[in-house]
1. Check every one of the helices (runs of 4 or more DSSP H) wholly within the range 18-60 and list those with 1 or more residues that are out of contact with any strand residue (DSSP E or B) (no Cβ under 9 Å at 6 or more places or on another chain), surrounded by fewer than 19 Cβ atoms within 10 Å (Cβ to Cβ) and small (Gly, Ala, Ser).
2. Tell me, which residue of the range 106-120 that is closer than 21 Å to LEU15 by Cβ and not in a loop (DSSP other than H, G, I, E, B) is modelled with the highest pLDDT?
3. Within the range 67-82, restricting attention to residues that are within 19 Å of the chain's Cα centre (by Cα) and part of a helix (DSSP H, G or I), which residue is surrounded by the most Cβ atoms within 10 Å (Cβ to Cβ)?
4. Checking VAL64 against (1) without any contact (Cβ under 8 Å) to a residue 40 or more places away in the chain; (2) surrounded by 11 or more Cβ atoms within 10 Å (Cβ to Cβ), which single condition isn't satisfied?
5. Looking for something modelled with pLDDT under 90, closer than 30 Å to LYS52 by Cα and either out of contact with any Pro (no Cβ under 9 Å at 6 or more places or on another chain) or of a type outside the set (Phe, Trp, Tyr) (or both) - is there at least one such residue anywhere in the range 76-92?
6. Could you check, for the range 101-117, whether at least one of its residues is within 30 Å of GLY49 (Cβ to Cβ), out of contact with any helix residue (DSSP H, G or I) (no Cβ under 7 Å at 6 or more places or on another chain) and exposed (fewer than 12 other Cβ atoms within 10 Å of the Cβ)?
Amino acid sequence: MKPIKLRRKRENDFLKFYRVIRYYYKAKFGLSLADFDMLLFLFSEGYFGKDKFEEFDNLLSWDVNRFNRLLQLGWIEVFRKRYGNRKTLYIISYKATRLITEMYNKLNGDIMPTSPSYNPMFKSKVSFTDKVYRNMIIKMNEATRQQQHQSPEE
């Protein structure tokens with residue numbers, strides 16, 4: 001038998017819990033997976049036109065009302081209205097920026113709040129799926145706390 005080689009700890013291991021964190025925020029804000037993916041794409045775009053939105057929207061599940069719904073719900077805002085030859089420009093809202101920034105912080109090791117007032121998936125009467133994810137979030141928080149309390153290896 002060959003001896004088992006110890007692997008060194010990976011530097012970029014933050015996508016390990018991406019699915020759990022994504023579900024957490026989908027439950028909190030009532031977003032669909034496609035809406036969530038769209039906001040992640042637009043986060044780095046800065047100002048964008050409807051054509052840029054539709055370019056990425058072609059990759060997602062078909063939803064004719066996605067743009068208008070995200071605009072109405074305050075996830076996207078008009079930055080500049082159409083004037084002459086200049087097209088309308090949009091930007092993601094403060095609410096969307098806060099959501100995505102918060103999500104990145106959680107991926108980088110911040111503890112996730114487990115209060116029912118913060119996220120409805122922590123209420124007592126929720127679906128089985130919510131309970132499974134809720135238990136995983138609690139375990140994930142425990143692992144994060146343990147990792148933060150360990151002394152750095154030299």
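The values are calculated or read from the model by the stated rules, or taken from the named source; none is laboratory data. Note that this is a predicted model, so its numbers are computed, not measured. All Cβ positions, glycine included, derive from the backbone under ideal geometry; neighbour counts span all protein chains shown.
1. Details: elements: 18-29, 33-43, 50-57.
In the range 18-60, the matching helices (runs of 4 or more DSSP H) lie at 33-43.
2. Per the criteria, the residue is LYS106.
3. Restricting to residues being within 19 Å of the chain's Cα centre (by Cα) and part of a helix (DSSP H, G or I), the top hit is LEU70.
4. (2)
5. Initially, the range 76-92 is screened for residues modelled with pLDDT under 90, giving none.
No, the conditions are met nowhere in the range 76-92.
6. yes
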